[in-house]
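Quick notes on the structure that follows.
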């Protein structure tokens, strides 16, 4: 029997996030069942730390937006972009969960930067605590004021060696012989003066061991058809230039991402660092750069510097 | 497996996780065949995990856990397509051409996943996936999709006919006009 359909189906690549997403779904159900069986009380022991918390993202036309924040995004005359802290929308009926952890009064959200499970142990730093997994789409605002409140269930949280813990932390757990490790980054409640405020924290300059890219069609279809970048010297110049990139507000400007979802204009660039982390950037042909799940800002680079790299991505 | 199902039905989330992880890759691939992108397929997996753990107490026959799980996954996939208004449900037309070739195990040489996705409506896709990817019998398919056994077979042969016509370069709809 020549079952090509089965063979074709088995060619569909399995993403690394699959395990985590399964767990998230089960944890959501578990927490909902708990709520039905117990009465949740918010007592005097719960203290408000900052105006933090919201895991709800409303998806509109394929782009991400956080409701209630649009009017608050602003750019001063020096082109800095202020990104307010995440807030809970009034109506979460269309909401979709993403991973988040509340630490030290700030909300850290899941990121597109990844770490191989085997390498995660090597860069796992100081243990900060254990998440509570108490947040879902029915949570009240005050649920987010609890240290280590999260949407990811119960997991240990650590610093990451070589990275500022005010920017990046890591969840880490082992279960049935499998290691689950994920980065979380604080990308809200911040002011971005230049690309350095984001890209500088990713420790990319001088630390790239290899890099590859793929087209929009392959990314969107989940096809791991990557092309290596041979000229690392040129790539490093690009990475250095990222620190001087101009931040732009996705709300104050006409965001070009929506019109660029095609293989001519869009590239996913993956940078493999010597410490085992992998940073993913979205590049648009006209010189724009997006990082992960940053909802409110993107960047624009000097055309000359950008085009030198873009020619390698064709 | 039966013991894990019973534990899960009592609320043991680790038991359910062990069960679910046995099939999560299949669920992902089936979802991907419907929604055609990684992001939505992962959403389907998460929704399936959520719905199935919430309702596992309703599973009367633990031995049918996989069948039940796949059914939820297909339902979640179609829900996402509906929300994005990317699907138009076609009622099965039992008068349409039924292939005389009943060699159902002989799949067309050269058929690609893209052919499968592009040419079939949702009912046809469901049946083809359950038959060839999950190795369900027609009886299991009809129970999973809650349609009569005869209709299941009719749609199956119609789907095969479509794929064959596509590979030949013919337009089956033009022939029907």
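Within the range A:181-199, the presence of at least one residue that is in contact with a helix residue (DSSP H, G or I) (Cβ under 9 Å, 6 or more places away or on another chain) and within 14 Å of chain B (Cβ to nearest Cβ) is confirmed.
Kindly indicate whether residue B:63 is without any contact (Cβ under 8 Å) to a residue 12 or more places away in the chain and more than 10 Å from every other protein chain (Cβ to nearest Cβ). Spelling it out, it is not the case that residue B:63 is without any contact (Cβ under 8 Å) to a residue 12 or more places away in the chain and more than 10 Å from every other protein chain (Cβ to nearest Cβ). Restricting attention to the range B:67-86 and to residues that are within 16 Å of residue B:127 (Cα to Cα) and away from every other protein chain (no Cβ under 12 Å), the residue that is modelled with the lowest pLDDT turns out to be B:78.
This table checks each residue for (1) closer than 20 Å to residue A:113 by Cβ; (2) surrounded by fewer than 17 Cβ atoms within 10 Å (Cβ to Cβ); (3) without any contact (Cβ under 8 Å) to a residue 24 or more places away in the chain.
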residue: A:190; (1), (2), (3): yes, no, no
residue: A:221; (1), (2), (3): no, no, yes
residue: A:230; (1), (2), (3): no, yes, no
residue: A:278; (1), (2), (3): yes, no, no
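Looking only at residues of the range B:20-35 that are over 13 Å from the mean Cα position of the chain (by Cα) and more than 7 Å from chain A (Cβ to nearest Cβ), we find that the one that is farthest from residue B:132 (Cα to Cα) is B:22.
Filter the range A:103-144 for residues that are more than 17 Å from residue A:163 (Cα to Cα) and at pLDDT 90 or above and give the result. A:129, A:130, listed by residue number. Scanning the range B:97-142 for residues that are at pLDDT 50 or above, more than 9 Å from chain A (Cβ to nearest Cβ), in a loop (DSSP other than H, G, I, E, B) and surrounded by fewer than 17 Cβ atoms within 10 Å (Cβ to Cβ) yields one hit, B:137. Kindly indicate which of A:209, A:194, A:171, A:150 is at pLDDT 90 or above and within 19 Å of residue A:20 (Cβ to Cβ). One residue alone meets the criteria, A:171.
The values are calculated or read from the model by the stated rules, or taken from the named source; none is laboratory data. All of these numbers come straight from a predicted model, not from anything done at the bench. Ideal geometry is used to build each Cβ from the backbone, glycine not excepted, and the neighbour counts take in all protein chains shown.
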